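Heads up, the thing below is written out as structure tokens.
Please treat every number below as a calculation from the coordinates, not as lab data. Because the structure is predicted, anything quoted here is derived from the model rather than measured. Every residue, glycine as well, gets a Cβ built from its backbone with ideal geometry; the counts of neighbours run over all protein chains shown.
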Amino acid sequence: MSSIELYRIKKRIEEAVNILVVSHHDPDGDALGSSLGLSLFLNSIEKKTTVYNRDKCPEYLNFIDSSNLVNSIENISDDFDLILLLDLNDFERTGEDMSIYLKNTQTDIIVIDHHQNPKIKTNFSLIDANSSSTGILIYNLILSFGQPINNLIATLLLTTIITDTSSFRNSNTNSEALRVASELINLGANMQLINSSLLNERSLNKLLLEKEILLNHEFYSDIHTLISFCTTENYKSTNTTKEQSEGIANFLLNHKEVKIGIFIRQISKNSWKVSMRTDGFINLSLLANKFDGGGHKNASGFSFDGNIDYLKKLLRERILYEQQNPTS
Ligand code: 5GP
Ligand code: MN
């Protein structure tokens, strides 16, 4: 990320009065921490903001105050003079309604993101695929205003780092993430609150769901890939939702024989959501792109309409091909 980009975006924000902040649907700690943290900052410099997400704050992030989050496009007015898209690089990631809104709007759009292969063309953007979280880019942007960062904003931004690095354990953890986390703690970020909330979110129903998911596991030793899936029936019988299967793909990867962990969640009869994780074995962002999805080298995802056995067959074939003909 260059300081020129940062300066241009700062200037554009300074000109704006009424700003719409949007992050990806099914928000995680980075999507919510970045958008709510930035919004708090913008309010402190007298900007009016609306923070939109298609979905509500998941239960495991309940320590975040999301009372101002708008979940319906009907509650969105039309008089914004700037739109900020955070932690996404494809309109589709905002959900169908917002995606249509964004395609039709004349308002300037700024993308602030850390995913690979951006699919949105804008005059302004702050994209750094080496950044561990979008929240780190937001931190640098706020610093460029030379304004103090209060403890609430610091906690939200620290959340983005802790969740996107899985508590500094993923390979995307770099020295900048550690430095910014340390600076945020100095600014009053409540790491204790974040850690204890994330650790204590387990329930016995979640354990039962995990049992069902593990019964569905298949290991393909030729491609070192562990795949597991969860049907809508599995969620129903354990009285759980997709939130309780958050983190399963990481868990699958955390076995010494496994180089790719893939978790497939059923959305409806013939519709599936795929989450993939690796640690440098192949480029999963490129693999997800082949299925019209995206993400990072080591963590990516996509949606798939069709039969799950066919989906698994396609995944097997493409991973095998990628393993034999690696692209960067
Ligand atoms: P997760 O597996 O946690 O849902 O997502 C892993 C990463 O891949 C995230 O950075 C997320 O933004 C990205 N990702 C997941 N699903 C999709 C998708 O359908 N499209 C795109 N473009 N990115 C996705
Ligand atoms: Mn992120």
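You can think of it this way: the chain between residue 117 and residue 193 has 23.9 nm of extra reach, that is 0.36 nm per residue less the Cα-Cα gap. Of all aspartates and glutamates in the structure, the ones whose alpha carbon falls short of 13 Å from that of residue 56, not counting any fewer than 8 places away in one chain, are 26, 28, 65, 243. A Förster radius of 25 Å combined with the Cβ-Cβ distance from residue 68 to residue 10 puts the calculated FRET efficiency at roughly 0.60.
At a Cα cut-off below 20 Å, give the lysines reachable from residue 103, other chains included and same-chain residues fewer than 8 away excluded. Here the lysines satisfying the reach criterion relative to residue 103 are 119, 121.
On the basis of the beta-carbon distance and an R0 of 56 Å, residue 185 and residue 108 show a calculated FRET efficiency of 0.95. Subtracting the Cα-Cα distance of residue 175 and residue 130 from their residue separation scaled by 0.36 nm leaves 15.1 nm. Debye sum, Cα scatterers, segment 227-303, no solvent: what log₁₀ I/I(0) at q = 0.13, 0.18, 0.25 1/Å? Summing over Cα pairs of segment 227-303 leads to -0.38, -0.70, -1.13.
Structural descriptor for segment 204-324: relative contact order 19 percent, calculated from alpha carbon pairs under 8 angstrom and at least 6 residues apart.
When +1 charges are put on Lys and Arg Cβ atoms and -1 charges on Asp and Glu Cβ atoms, the dipole computed for segment 3-199 relative to its Cα centre reaches about 420 debye.
When each of the peptides 291-300, 133-142 is scored by how many other beta carbons lie within 10 Å of its residues on average, the order from highest to lowest is 133-142, 291-300. Put a dot 7 Å past the Cα of residue 242, heading toward its Cβ, do the same for residue 214, and the two dots end up 2.5 nm apart. When peptides 246-255, 111-120 are ranked by their average number of other Cβ atoms within 10 Å per residue, the highest-first order is 111-120, 246-255. Summing +1 for each Lys or Arg and -1 for each Asp or Glu among the other residues whose beta-carbon sits under 13 angstrom from that of residue 171 gives +2.
Counted residue by residue at 0.36 nm each, then reduced by the alpha carbon distance between them, the extension gain from residue 43 to residue 231 reaches 63.4 nm. Candidate cross-link partners of residue 259 among the aspartates and glutamates, defined by an alpha-carbon separation under 18 Å and a same-chain spacing of 8 or more, comprise 218, 222, 279, 317, 322.
When the C-alpha to C-alpha distance is required to be over 22 Å, the pairs from 206/273; 273/313; 211/313; 242/273; 236/273 that qualify are 211/313. The coefficient of translational diffusion for the chain, derived via Stokes-Einstein from the alpha carbon Kirkwood radius under 37 °C and 0.692 mPa s, stands at 161 µm²/s.
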